[in-house]
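For reference, the structure discussed in these notes is given below.
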Amino acid sequence: MSRKFESLIGNRSFLIGTIITLIVALMAGLSFLWTPYSVSALDIVAKLKPPSISHWLGTDHFGRDILSMIMVGSRASIFVAFVSVAIGAGIGVPLGLWAAARGGIVDEMLMRFNDLIFAFPALLSAVMITAIFGPGAVNAIIAIGIFNIPVFARVARGAALALWVREFVLAARAIGKGEGRITLDHILPNLANILIIQGTIQFSLGILAEAGLSYVGLGAQPPMPSWGRMLFEAQTMISLAPHMALFPGLAIMVTVLGLNLLGDGLRDFLDPKLRYMR
Amino acid sequence: MLSYASKRVVIGILTLLAASIIVFAVLEVVPGDPARLMLGMNATEDAVRALQDQMGFNQPLILRYFSWLGDLLTGDFGKSYTYSVPVIDLIKERIAVSLPLALISLALSTIIAIPIGIFAASRRGSTADTTAMGIAQVGVAIPNFWFALLLVYIFAVVLRLLPAGGFAGWENGFWPSIKSLILPSVALALPQASILARVTRSSLLDVLGEDYIRTARAKGLSRRKVLYHHALRNALIPVLTILGMQFSFLLAGTIIVENVFYLPGLGRLVFQAITQRDLIVVEGVVMILVATVIAVNVLVDLSYAIVDPRLWSRK
C-alpha cells in the first residue's frame with residue numbers, strides 16, 4: 001500500500017491537480033468565514049481600480065473587491081457542479097447497472113434514452129427550463145444534472161458489461177446469488193474507480209457549464225456572485241478595466257485544470273489500462 | 001451497407017420524434033393555457049374561450065401534438081408574439097450567422113488539431129509532444145467565452161485590428177462579414193481543438209501498439225507509410241465520434257459566444273426570446289438545434305461505415 005501511495009504522490013498530474021483542487025476548496029471554505037472585503041459593500045470612490053496592495057486583484061465597476069468576489073463566487077461553481085454530478089451519478093449509475101444486468105430490451109431502451117438526452121446539450125435544457133421557470137442556480141443544476149445522467153449510465157453500463165463475463169461473477173451465480181445481489185456485491189465495488197474518475201471529469205465540465213450558463217444569465221442570479229456573471233459584467237468594461245475580465249476567467253481555468261489533472265492522475269493510478277483513452 | 005445505414009437513419013428519426021415530444025411537453029403543455037398567456041391577465045373568460053376554440057387549444061393533447069408536428073414538418077413554426085413575424089423567418093435570418101460560425105470553428109479546430117495530434121503521437125515522449133499536450137491540457141480548461149473576451153481585448157481594444165463585435169451582414173459583402181466572424185470562430189475553435197488533438201493522439205497511439213502495425217513495419221514499410229496508410233485510418237473512428245459530439249458543443253458554444261460579440265445569431269434570438277417570454281421562438285430554436293444535433297450524429301454513424309467498411313456487412 002505504501003508503495004502504491006508513493007507512486008501516486010510521484011505522479012505529477014495527480015500532485016499538481018490535488019494541490020490546485022485543495023487550494024480552490026480551501027478558498028471556498030474560507031469565504032464562509034472571511035473575505036478581504038464584503039462582497040455586498042459598494043465603494044464607488046474605489047471603482048475600477050487595477051490590482052494594488054489594498055485590492056490584490058483590483059475592484060469592479062461598483063468598487064467591490066474582485067478577490068473577495070472570486071472567493072464567494074467559487075461556492076456557486078462548486079455547489080452547482082457537485083450537485084449536478086450527484087444527480088447524474090445517482091440516476092445514471094443505477095440505470096447503467098440495470099441495463100448491464102438485464103441486457104436485451106431494457107439495455108436497448110436505455111441506450112436509445114441516452115441518445116435522446118444527448119440530443120439536448122446542457123445549454124438547450126437550461127434554455128427550455130429557464131424559458132418556463134425563470135433563471136436561477138437550481139435550474140442550472142437540473143440542466144447540467146440531466147446531461148450527466150446518460151454519461152454515467154453509459155460508463156457504468158460499459159464497465160459492468162465487461163465484469164458480468166468474469167469468473168467471479170459466474171462463481172457468485174453458482175452459489176445462487178441473484179442479479180441484484182451480484183450487482184451490489186460484486187459489480188458496483190469494482191466500478192468505484194472508474195466512477196470516481198468520471199465524476200472528476202464531469203465535475204470539471206460542470207464548473208465550465210455553470211460558468212457559461214451564469215455568463216448568459218441562466219445561472220446564479222445577482223446579488224449572489226458567480227464567476228460567469230463576473231465575466232458578463234466585465235464585458236462592457238473591457239477597455240476600461242481588463243483586469244475585471246482577467247481574474248474570474250483565470251479562476252475558472254485554474255480550477256478546471258486542477259480537476260482535469262487530478263482526474264488524469266487518478267486514472268493513471270487506478271486504471272492504467274485507460275491511460276490513453278478519453 | 002443499406003441495412004446498417006437505414007437502421008441508423010430510422011433510429012435518428014425516432015430519436016427526433018421522441019425529442020419533439022419532450023419539447024412539446026415542456027414548452028407547450030407545462031406553461032399552461034396559451035390563450036390566457038396571449039391575452040394577458042385581464043382577459044374575460046369569454047375572450048379566452050373564444051381564442052381557445054379558434055386556435056384549437058381545447059382539443060385533446062394527442063391531437064394538438066400531431067397538428068403541431070404537422071405544422072413543423074411543413075415549415076410552420078408559428079408566429080412570434082413579440083416580432084409578429086413567422087418564427088421560421090426569424091430562424092432563417094439568424095442561422096445565416098450561427099451556421100457559418102459553427103462550421104468555420106469546426107473546420108478551424110480540425111485543421112489545427114489533427115496534424116498536432118498525429119505529430120505528437122508520432123513523436124511520443126518528445127519535448128514537442130509534452131509541450132503540445134501541455135498546451136492542450138490548458139486549452140481544455142479555458143471557457144470559450146472568456147477566451148473570446150481576451151481576444152476582443154487584444155485584437156480589438158489594444159491592436160484595433162478586428163471589430164470588437166457586431167455583424168456586417170452578408171448583403172454588405174463577404175469580407176466584412178467574415179471579418180466579424182474571425183474572433184468568434186477562433187474563440188470557439190481553441191478549446192475544441194485541444195480536445196480533438198488529445199483524442200487524435202491517444203487513438204493513434206492505441207492503434208500504433210497493434211500487431212498489424214508491427215507486421216507492416218517488419219515487412220519493411222517505412223514509419224511514415226505505416227503511419228499514414230495503416231494507422232491513421234484505423235485511428236479515425238474515435239476522432240469521428242468526438243467530432244460529432246463536438247458539433248453539439250459547438251452549437252451550444254456558438255449561442256454563448258455570440259453574446260460576447262453581439263452577433264445576431266440564434267443565440268441572441270433565443271436569449272431575447274427568453275427575456276420577452278416569447279416561448280414560441282424558444283421552441284423553434286430548440287427544435288432546430290436538436291434536429292441538427294441528431295442529424296449530425298446520424299451522419300457520424302454513417303461515416304463510420306466509410307472509414308470502416310466492415311460495418312457495411314454487419315447487421
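May I ask for the equivalent-ellipsoid semi-axes of the stretch B:44-197, computed as the square root of five times each C-alpha gyration tensor eigenvalue and listed largest first in whole Å?
Each semi-axis is the square root of five times an eigenvalue, giving 46, 22, 14 Å.
Legend: mean number of C-beta atoms from other chains within 10 angstrom of residue C-beta atoms, peptide A:109-120, equals 5.
Assuming R0 = 22 Å, what is the FRET efficiency of residue A:270 and residue A:184, from their Cβ-Cβ distance, to the nearest 0.05? Can you show the working numbers first?
Working: r = 21 Å, r/R0 = 0.94.
Efficiency for this residue pair is about 0.60.
Counting charges near residue A:101 (Lys, Arg +1; Asp, Glu -1) among other residues having Cβ under 12 Å from its Cβ returns a value of +3.
In this calculation the C-beta distance from residue A:175 to residue A:106 is compared with R0 = 30 Å, giving a FRET efficiency of 0.75. Considering only A:196, A:117, A:175, the mean-square fluctuation computed in a Gaussian network model of chain A, springs between alpha carbons under 10 angstrom, is largest for A:175. By the Kirkwood approach, averaging reciprocal distances over each pair of separate Cα atoms, the protein assembly as shown gets a hydrodynamic radius of 26.1 Å. In the stretch B:6-165, taking the dipole from charged Cβ atoms about the Cα centre, the farthest positive-side position among B:140, B:164, B:74 is held by B:140.
As a proxy for reagent exposure, ranking B:62, B:114, B:178 by other Cβ atoms within 10 Å from fewest up yields B:62, B:178, B:114. Averaging Cα coordinates gives a centre for the stretch B:174-203 and one for the stretch A:96-126; these two points are 30 Å apart.
Computed with the Debye formula from one identical point scatterer per Cα of the stretch A:123-249, without solvent, the log10 of I(q)/I(0) at q = 0.14, 0.21 Å⁻¹ comes to -0.73, -1.09.
Of the residues A:183, A:211, A:239, the one whose Cα sits farthest toward the positive end of the charge dipole of the stretch A:168-247, with +1 on the Cβ of Lys and Arg and -1 on the Cβ of Asp and Glu, is A:183. Within the stretch B:166-315, the proportion of C-alpha pairs whose separation exceeds 21 Å stands at 62%. GNM on chain B, alpha-carbon springs under 10 angstrom: the most fluctuating residue among B:117, B:139, B:220 is B:220.
Pair-distance distribution of the stretch B:107-251: all C-alpha pairs, bin width 5 Å, starting at 0; shares per bin in whole percent are 2, 10, 15, 17, 15, 13, 10, 7, 5, 3, 2, 1. Annotation: amide H-H contacts under 5 Å for residue A:49 (H modelled 1.01 Å from N, sequence separation of 5 or more, or interchain): A:59.
Based on the Stokes-Einstein relation at 10 °C and a viscosity of 1.306 mPa s, and on the Kirkwood radius from alpha carbon pairs, the stretch A:40-145 is assigned a translational diffusion coefficient of 93 µm²/s. I need the shape label for the stretch A:73-128. Rule: rounded when a/c is under 1.5, else prolate if a/b > b/c, else oblate, with a, b, c from the alpha carbon gyration tensor. The shape class here is oblate. Short-range pairs are left out: with C-alpha atoms under 8 Å and at least six residues apart, the relative contact order of the stretch A:101-206 is 29 percent. Counting Cβ atoms of other protein chains within 10 Å of each residue's Cβ and taking the mean over peptide A:229-242 gives 3. Using Cβ point charges alone (K and R +1, D and E -1), the dipole size of chain A about the Cα centre works out to roughly 500 debye.
Counting Cα-Cα pairs of chain B in 20 Å increments starting at 0 gives whole-percent bin shares of 26, 48, 23, 3, 0.
Of the Cα atoms belonging to the stretch B:197-284, the radius of gyration and Dmax stand at 22.0, 68 Å. The Cα-based radius of gyration and maximum Cα-Cα distance (Dmax) for chain A are 21.9, 77 Å. Farthest towards the positive end of the charge dipole of chain B, among the residues B:216, B:228, B:44, is the Cα of B:216, using unit charges on the Cβ of Lys, Arg, Asp and Glu.
When a/c is below 1.5 the answer is rounded, else prolate if a/b is larger than b/c, else oblate, so apply that to the stretch B:236-315 with a ≥ b ≥ c taken from the square roots of the Cα gyration tensor eigenvalues.
Values: a/c = 5.31, a/b = 2.40, b/c = 2.21.
Verdict is prolate for the stretch B:236-315.
Here the dipole of the protein assembly as shown is about 2260 debye; that uses its Cα centre as origin and unit charges on the Cβ of Lys and Arg (positive) and Asp and Glu (negative).
For residue A:47, a cut-off of 14 angstrom between C-alpha atoms picks up these aspartates and glutamates, skipping any fewer than 8 places away in its own chain: A:60, A:65, A:233. Separation of the stretch A:194-237 and the stretch B:47-103 by C-alpha centroid, Å? Answer, in whole Å: 32.
Per residue of the protein assembly as shown, what 222 nm ellipticity follows from adding -39500 (n - 2.57) for every DSSP H run with n ≥ 4, rounded to the nearest 500? Present the calculation step by step, with values, prior to reporting the outcome.
Values: 24 runs with 427 residues, N = 593.
That comes out to -24500 deg cm²/dmol.
Read-outs: derived from the displayed coordinates by stated rules, not from any lab. Model, not experiment: these values are computed from the prediction. Cβ: placed from backbone, ideal geometry, glycine included. Neighbour counts: every protein chain shown.
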